[in-house]
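Student: Quick one: the structure is below, questions incoming.
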Amino acid sequence: MDVRDRLARAALAALAAVASAGVLLIALAVTVEGWPALPHLFGAVWSPEDGKFGVLPLLAGSALVTLGSLTLAVPAGIGLGLFLADVASPRLAGVVRPALQGMAAVPSVVFGFLGLNLIVPWISRVFGGLGFSLLAGCLVLAFMVLPTIAAVSEDALRAVDPALREGAYALGATPGQVAWRLLLPAAKSGLTAAVVLALGRALGETMAVLMVLGNAAAVPRSPLDPARTLTGNIALEMAYAAGRHREALFASGALLLLLNLAVTQAARLAAGGRAAR
Amino acid sequence: MRAYTRQTVLILSLLAALLAGCGRSSVGLRIAGSTSLQPLAEMLAEGYQAAGGARVSAQGVGSTAGLQALRTGVADLATISRRLTPEEVREGFRAHVIAWDVLAIAVHPSNPVEGLTLAELRRLFSGEIRDWAELGSPAGRVHLISREAGSGSREAFRELVGPIHPLTAVQNSNGVIRLAIRNDPAAVGYLSLGVARAGGVKLVRVDGRLPGEPGYPLVRPLSLVTLGPPSGEARAFLMYALSPAGQRLVADEGLLPVR
């Protein structure tokens, strides 16, 4: 083998090692820093000034805002994917697709800013209340993950063997039947991947939701109540935190990492299981 | 071969520049302390240098951490946005007030509330008063907006007024608090006067005084702290902060000058 080839191989291997070691090191650092505060996290009240570090309200905030946004974005995103892959004329798709890609490139803080200036006042006007709410967070996040879901599901739907599709039409299936009974089931694992990607992004998103969620550290009782996510909490309080408070923030970071890994892994298993059948 | 030499020279000179950047020889005065005071400290540092003073480095690490830096000699001057405790005074720390930060209480312009007593404000933020009707405004649930735990404004509010209800909505900057109040007829919140004056919200009298008026109760001192009497470069910087030029910067930052 050429020396340069060997060098290149060694360099790539080193990069791979650094990348995978990075995850482990982050997990390790966060866990070590947060370890002493771990027993304090099991509580229903987060109030650092009173020495209470229960993460239940933050966990609820993260879970609710993620579920809410996916409930809105998954049907819309898969529908858009189907539209681009199967329904729209190439010309129309050529207009919609770059628009979606552009949306995916918008930084999250810009989404947050738009949410703050458009969605929050709109909610306040229509439903009353503060406007800063779970609902605002769900809407902003839904817009953010929509392009990802649409793009990945379009690819998945396009990857379905054209012979299957043509066969179905030849048997007299309507376009609706082809989409519902053939394309969507055949692309199931790809569509699940789209949802998993969106789930990961929604769970980890910080800035945009921080700006519109209202951040009260309490379990919201209605979609119009403010809520606080695990990520938002760390961003809000890290700058000042010291001692036990800082440890608790690290511990909640470790929890977030664990949660994200677990959810992604579970979704992947589910996808694999279905694809095998 | 030539190309290699040139590259080597380039890399070496970049490394040299990097190492030179690590040196701390050129800083004449090190300031550390309150994050609320950080913007003002940076403005003063710039003005001080422009007026021919030494180079100043200012770091926002929090009031207490700033005092620790001064104690261990890591900083020459600390900034605090609270008062010194009796223990700290006994230790030899001396606070020199250079500005007053005013916490304004703001409501939506449509809210007819003109003034609150300190006691009413306390009952409002502790969650005891839940409806605006109790304060003579049209009925409606009160929406409290507060800063995050650890923020200097929040600490000052807790010290000057009282506890804040845990279910209060939290925003992490003065600007967003102003925006939130501007958008919500039922909101009430506290924020720095400089930001509150940017408009869109109505400022409420507390104990009969408007923010900025003498006797307004929600003010906190912003101070430079020395260990023992000020001397040398620290003294020169303190004199600059209290000079007309320094006090103009104080007013520019939306704070109340001391002179």
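The values are calculated or read from the model by the stated rules, or taken from the named source; none is laboratory data. Since we're looking at a predicted model, the values are computed, not measured. Glycine also receives a Cβ, built like all others from the backbone with ideal geometry; neighbour counts cover every protein chain displayed. Side chains are part of the model used for accessible areas, which takes the heavy atoms of the whole protein and leaves out ligands, DNA and RNA. Shrake-Rupley method; radii C 1.70, N 1.55, O 1.52, S 1.80 Å.
Student: Of the numbered conditions (1) open to solvent by 50 Å² or more (accessible area, probe 1.4 Å); (2) over 19 Å from residue A:38 (Cα atoms); (3) among the charged types (D, E, K, R), residue A:244 fails exactly one; give the number of that condition.
Tutor: Single failed check for residue A:244: (2).
Student: Quick check on region A:87-138: of everything there that is assigned to a loop (DSSP other than H, G, I, E, B) and in contact with a helix residue (DSSP H, G or I) (Cβ under 7 Å, 6 or more places away or on another chain), which residue is farthest from the other protein chains (Cβ to nearest Cβ)?
Tutor: Step one: list which residues in region A:87-138 are assigned to a loop (DSSP other than H, G, I, E, B), which gives A:88-89, A:105-107, A:128-133.
Next, only the ones that are in contact with a helix residue (DSSP H, G or I) (Cβ under 7 Å, 6 or more places away or on another chain) stay: A:88, A:130-133.
On the way: A:88: 38, A:130: 5, A:131: 6, A:132: 6, A:133: 9 Å.
Ranking the qualifying residues of region A:87-138, first place goes to A:88.
Student: Something else: Could you list, in sequence order, all residues of region A:180-212 that are within 14 Å of another protein chain (Cβ to nearest Cβ) and over 23 Å from residue A:264 (Cβ atoms)?
Tutor: A:211, A:212
Student: Counting only residues that are over 12 Å from residue A:104 (Cα atoms) and more than 14 Å from the chain's Cα centre (by Cα), which one in region A:137-160 is surrounded by the fewest Cβ atoms within 10 Å (Cβ to Cβ)?
Tutor: My answer is A:159.
Student: Here's a follow-up. Of A:45, A:3, which residue is open to solvent by 30 Å² or more (accessible area, probe 1.4 Å), over 27 Å from the mean Cα position of the chain (by Cα) and of a type in the set (Val, Ile, Thr)?
Tutor: Step by step, each of A:45, A:3 is checked, and only A:3 is open to solvent by 30 Å² or more (accessible area, probe 1.4 Å), over 27 Å from the mean Cα position of the chain (by Cα) and of a type in the set (Val, Ile, Thr).
Student: Taking into account only those residues within region A:231-241 that are within 18 Å of residue A:35 (Cα to Cα) and not in a helix (DSSP H, G or I), which is nearest to the other protein chains (Cβ to nearest Cβ)?
Tutor: This residue is A:241.
Student: Report, by residue number, each residue of region B:187-215 that is out of contact with any Ser or Thr (no Cβ under 9 Å at 6 or more places or on another chain), open to solvent by 10 Å² or more (accessible area, probe 1.4 Å) and either within 14 Å of chain A (Cβ to nearest Cβ) or of a type in the set (Val, Ile, Thr) (or both).
Tutor: B:200, B:201, listed by residue number.
Student: Could you run through region A:168-224 and say how many residues are open to solvent by 50 Å² or more (accessible area, probe 1.4 Å) and in contact (Cβ under 8 Å) with a residue 40 or more places away in the chain?
Tutor: Summing the residues that are open to solvent by 50 Å² or more (accessible area, probe 1.4 Å) and in contact (Cβ under 8 Å) with a residue 40 or more places away in the chain in region A:168-224 gives 9.
Student: Across region B:204-259, what is the number of residues that are of a type in the set (Asp, Glu), closer than 25 Å to residue B:64 by Cβ and out of contact with any helix residue (DSSP H, G or I) (no Cβ under 8 Å at 6 or more places or on another chain)?
Tutor: 1
Student: Being over 18 Å from residue B:38 (Cα atoms) and open to solvent by 20 Å² or more (accessible area, probe 1.4 Å) is the filter here; which residues of region B:216-231 pass it?
Tutor: B:217, B:227, B:229, B:230, B:231
Student: Next question. Among the residues of region B:128-171, which ones are surrounded by fewer than 19 Cβ atoms within 10 Å (Cβ to Cβ) and at the interface with chain A (Cβ under 10 Å from one of its Cβ atoms)?
Tutor: B:140, B:141, B:158, B:163, B:165, B:166, B:167
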